[in-house]
Amino acid sequence: MLIRPRLLVDEHRCRRNIERIAEKADRSNTQFRPHFKTHQSVEIGRWFQDYGVTGITVSSPEMAAYFAQDGWKDITIAFPFYPGMVKQLKELNKTCSLRVFVNSADDLEVLQNHLQNPVRIYIELDAGYGRSGLSTSKPEAIHKLIRDMERYPIAHFHGFYIHDGDTYSARNRKHILDKVQRSIDALQYWKNEYPSAKISLGDTPSASVIETFSGIDECTPGNLVFYDRMQVAIGSCTPDDMALFAELPIAQHFPGQNRAIVHGGAAHLSKDSIETEGIKIFGQRVVRTDNKVELMDDSYLTALSQEHGTLSGTDGLEPDRQKTVLIAPVHSCLTANLFSSYETFGGRTIQKRVLS
């Protein structure tokens, strides 16, 4: 009997998702450097090696150190550098080939004063999404930073990086392609300015629907290893691509009210939500049979507190027989970050860390 929520991983689907992107990247002569912040697991990280992956992306020095201990040496830290990182970067710099995001000459000065070996520098571009990076609307700042690197032997200019989070607001494949074109245009503009620079694109929606990465040197999507209910809504994948599910105990059933309380709240699923059919949802019930996943219409997590979840569409359940439900999380990255391990559908435990 299930005592508390658990995360279930479909290994076959994970591997199929990895293989699909790896093959597309290979056909395009694009380096696939997947983002490991989604799964945060040494074992799952090794699955990528089976498809030719040799370089990875992470979101912190701590995460880099975790995977470096398992032998990964070509690591991108896809987060703006700040001085608090430098102590751990100093250790990583002794054994790893690092790529670091730098936004100012002050950052270069810190790296020069503390690191022993050269590091490759990405300039993260903001092509209009408005999160981090240097705005492409102010090109002189970008040119200046590249000139500044020439004064610091520690800094080797590597190229330009964009994670276009705006694609997450799309709701079909065409919409994704329309949104990401702005980022592709910006990357190619700067590639023309600096032909030796590498250009890198980072988001899962565009990586999933672009037919070819031709002209893109590197891609770094992460969510694609699991996908989730949000990616289905975006149009990045189908329900049969989802590979991560939360199994939640049913705590209380309300006959005639078409709802139940499950042990699974924000502490297990996060508060990320999407709207479907005009309803704000935090996950959707699924039925998995013969390796097929069916999204159950009108059966959603409609409210979460810390531990409790309100599940609609439960009148068809048999509470005396069915003690748990399977939920497709809205955002697999955040859900995975809340658990210390996974289980496969075969009952095997996969260890992970919580490093974000």
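The values are calculated or read from the model by the stated rules, or taken from the named source; none is laboratory data. All values derive from a computational prediction rather than experimental measurement. Here Cβ is always computed from backbone atoms with ideal geometry, including for glycine, and neighbour counts include all displayed protein chains. SASA here: full protein model, heavy atoms, side chains in, ligands and nucleic acids out. Shrake-Rupley method; radii C 1.70, N 1.55, O 1.52, S 1.80 Å.
Consider Asn29 carefully, then state whether it is polar (S, T, N, Q) and over 25 Å from Phe101 (Cβ atoms).
no
Looking only at strands (runs of 3 or more DSSP E) that lie completely in region 168-272, which have at least 3 residues being modelled with pLDDT of 95 or more and open to solvent by less than 20 Å² (accessible area, probe 1.4 Å)?
Output list reads 198-201, 244-254.
Out of all the residues in region 308-344, which are open to solvent by 70 Å² or more (accessible area, probe 1.4 Å), assigned to a loop (DSSP other than H, G, I, E, B) and at pLDDT 95 or above?
Within region 308-344, Leu338, Ser340 meet the criteria.
For residues that are of a type in the set (Ser, Thr, Tyr) and either farther than 14 Å from Ala186 by Cβ or not in a strand (DSSP E or B) (or both), scanning just region 123-145, find the one that is farthest from the chain's Cα centre (by Cα).
Ser137
Which residue pairs have Cβ atoms closer than 6 Å, lie 6 or more positions apart in sequence or on different chains, and pair a first residue in region 52-75 that is among the basic types (Lys, Arg) with a second residue that is in a loop (DSSP other than H, G, I, E, B) and at pLDDT 95 or above?
Lys73/Cys96
Does Ser137 satisfy being in contact (Cβ under 8 Å) with a residue 40 or more places away in the chain and either on the phi < 0 side of the Ramachandran plot or not basic (Lys, Arg) (or both)?
no
Hey, among the residues in region 4-40 that are in contact with a Gly (Cβ under 7 Å, 6 or more places away or on another chain) and assigned to a strand (DSSP E or B), which one's nearest to Ile77 (Cα to Cα)?
Among residues in region 4-40 that are in contact with a Gly (Cβ under 7 Å, 6 or more places away or on another chain) and assigned to a strand (DSSP E or B), the one nearest to Ile77 (Cα to Cα) is His35.
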